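**Student:** Encoded as structure tokens, here's the structure I'll be asking about.
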Amino acid sequence: MKSCGVSVPAVARAAAAGDGDEEKKMAAGKASETEEDFPKLTPQERERLASVDSTLFGFQRLHEDGARTKALLLKAVRCYDVYILKAEGKVEPEVFCQLGHFNLLLEDYPKALSAYQRYYSLQSDYWKNAAFLYGLGLVYFHYNAFHWAIKAFQEVLYIDPSFSRTKEIHLRLGLMFKVNTDYESSLKHFQLALIDSTPCTLSKAESKYPPMRKYRIAKEAYESLLQTENLPVQVKATTLQQLGWMHHTVEQLGDKANKNSYAIQCLQKSLEADPNSGQSWYFLGRCYSSIGKVQDAFISYRQSIDKSEASADTWCSIGVLYQQQNQPMDALQAYICAVQLDHSHAAAWMDLGTLYESCNQPQDAIKCYINATCSKSCSNIPALTARIKCLQVEKVVIFICDFMPTTIALS
């Protein structure tokens, strides 16, 4: 694993340097403080900090018995901040990486993300730094930005299969894939975590708060992140996307009307930051559809298809809209597009089966329902199985009635 390689002594010496020219200090803002105001790291402190990185996250209990460690990290952050300010832009990328680690361990996620993003933009071979990728993945995981967290964690496993926190990564990947209904990948990572005997922190962290409080904490974390100065455009867009979709899908965050209104506002702002996000356009279409704005929903779905690769989710949602508008042929074409793109799309198969039932085509409906039950993402197999049996019975009854001799039928 590649270390950040930052020179802690160099940072400390720079932060504790002499006053220098007063005019330069005035121009540098905080750098105009007196020398006594600057934090100074002792040789022992510098030695302790040299081994600090993201792999300590969750293992340093700063709120319980790590008061000394927390004080050292806070002091180090101030020292690094002063150094960066005095350097006037001439800062080695590794300084930002180490600053990101310190803020991550302090659970100051907005500052950790900001520092990691600076390192990412300055270090061309950032992808070789497993500790950086792991820290960045943890921050994204905290904000429920699962797409980016999965990417970061997978890169760690690729560049360093023997990474010391592999179990932590597999558990988080398992949880994220489960949320994304990719149950096969989820099971694989949970099994890999199960056979790993190294210590783990996630179970305690995940059970710390009840579900309702988790949503509130997530909402506050997203809104806090959006207040960060110089937030990268992509991070802003993703944060607004996640915040908006959470309000649309989580019932505990308020009444439906206010939730949808806030969700639409967030998604619109997300698209202002990144108008080419097919996922945000799809989420916006779902929100419009839920409040009956059919035309706006169609426009959003079309934008989603135009801005990104074809999505089974989008075509399935378009099919639902057509079916609600009593346009069965258009709905049929949309559902077929969905299952062609993803043959295991349970929702599309179920909706297609319902469409066939409404058109009095039970045999086709049965085939669709069977396909739905074969999907790993199907969540209501018992109900579908019962419906399949009911349709099969109705089919047999109709067959008997059609071929029963007239004399017997009359008797």
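**Student:** What tally of residues in the stretch 35-67 results from selecting those that are at pLDDT 65 or above and in a helix (DSSP H, G or I)?
**Tutor:** The qualifying residues number 11.
**Student:** Additional query: What residue, of ASP351, ASP274, is of a type in the set (Asp, Glu) and in contact with a Phe, Trp or Tyr (Cβ under 7 Å, 6 or more places away or on another chain)?
**Tutor:** Residue meeting the stated conditions: ASP351.
**Student:** State whether one or more residues within the stretch 249-259 are in contact with a Ser or Thr (Cβ under 8 Å, 6 or more places away or on another chain) and within 27 Å of SER344 (Cβ to Cβ).
**Tutor:** So far as the stretch 249-259 goes, no, none of its residues is in contact with a Ser or Thr (Cβ under 8 Å, 6 or more places away or on another chain) and within 27 Å of SER344 (Cβ to Cβ).
Residues checked against (1) touching a residue at least 12 places away in the same chain (Cβ under 8 Å); (2) touching a Lys or Arg at 6+ places or on another chain (Cβ under 8 Å); (3) over 19 Å from ASN180 (Cβ atoms):
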site	(1), (2), (3)
GLN279	yes, no, no
GLY292	no, no, yes
SER317	yes, yes, no
TYR369	yes, yes, yes
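**Student:** Cβ contacts < 9 Å: first residue at positive phi and in a helix (DSSP H, G or I), restricted to the stretch 157-175; second residue surrounded by 19 or more Cβ atoms within 10 Å (Cβ to Cβ) and polar (S, T, N, Q), any location; separation 6+ or different chain. Result?
**Tutor:** none
**Student:** Among the residues of the stretch 78-97, which ones are surrounded by 19 or more Cβ atoms within 10 Å (Cβ to Cβ), more than 18 Å from SER124 (Cβ to Cβ) and touching a residue at least 24 places away in the same chain (Cβ under 8 Å)?
**Tutor:** Correct list: CYS79, TYR80, VAL82, TYR83, LYS86.
**Student:** On to the next question. Please find, within the stretch 266-301, the residue that is surrounded by the fewest Cβ atoms within 10 Å (Cβ to Cβ) out of those that are assigned to a helix (DSSP H, G or I) and of a type in the set (D, E, K, R).
**Tutor:** GLU272
**Student:** Out of LEU73, LEU104, LEU99, I need the residue that is within 22 Å of the chain's Cα centre (by Cα) and within 26 Å of ILE217 (Cα to Cα). Which one?
**Tutor:** Only one candidate qualifies: LEU104.
**Student:** Within the stretch 116-145, track down each residue that is in contact with a helix residue (DSSP H, G or I) (Cβ under 8 Å, 6 or more places away or on another chain), part of a loop (DSSP other than H, G, I, E, B) and hydroxyl-bearing (Ser, Thr, Tyr).
**Tutor:** TYR143, the sole residue that qualifies.
**Student:** A further question follows. Pick from the stretch 176-205 the residues that are in contact (Cβ under 8 Å) with a residue 40 or more places away in the chain and not charged (D, E, K, R): which of them is surrounded by the most Cβ atoms within 10 Å (Cβ to Cβ)?
**Tutor:** By that ranking, first place goes to LEU202.
**Student:** Taking the stretch 68-100 as the search range and keeping residues that are assigned to a helix (DSSP H, G or I) and basic (Lys, Arg), which one is nearest to ALA115 (Cα to Cα)?
**Tutor:** Result: ARG78.
**Student:** Could you run through the stretch 242-261 and say how many residues are at pLDDT 90 or above and exposed (fewer than 13 other Cβ atoms within 10 Å of the Cβ)?
**Tutor:** So the count comes out to 0.
**Student:** Taking the options LEU384, LEU321, LEU391, name whichever one is part of a helix (DSSP H, G or I), surrounded by 14 or more Cβ atoms within 10 Å (Cβ to Cβ) and modelled with pLDDT of 90 or more.
**Tutor:** LEU321
The values are calculated or read from the model by the stated rules, or taken from the named source; none is laboratory data. For clarity, every value in this text was computed on a predicted model and none was experimentally measured. Cβ coordinates were reconstructed from backbone atoms using ideal geometry, including for glycine residues, and neighbour counts include every protein chain displayed.
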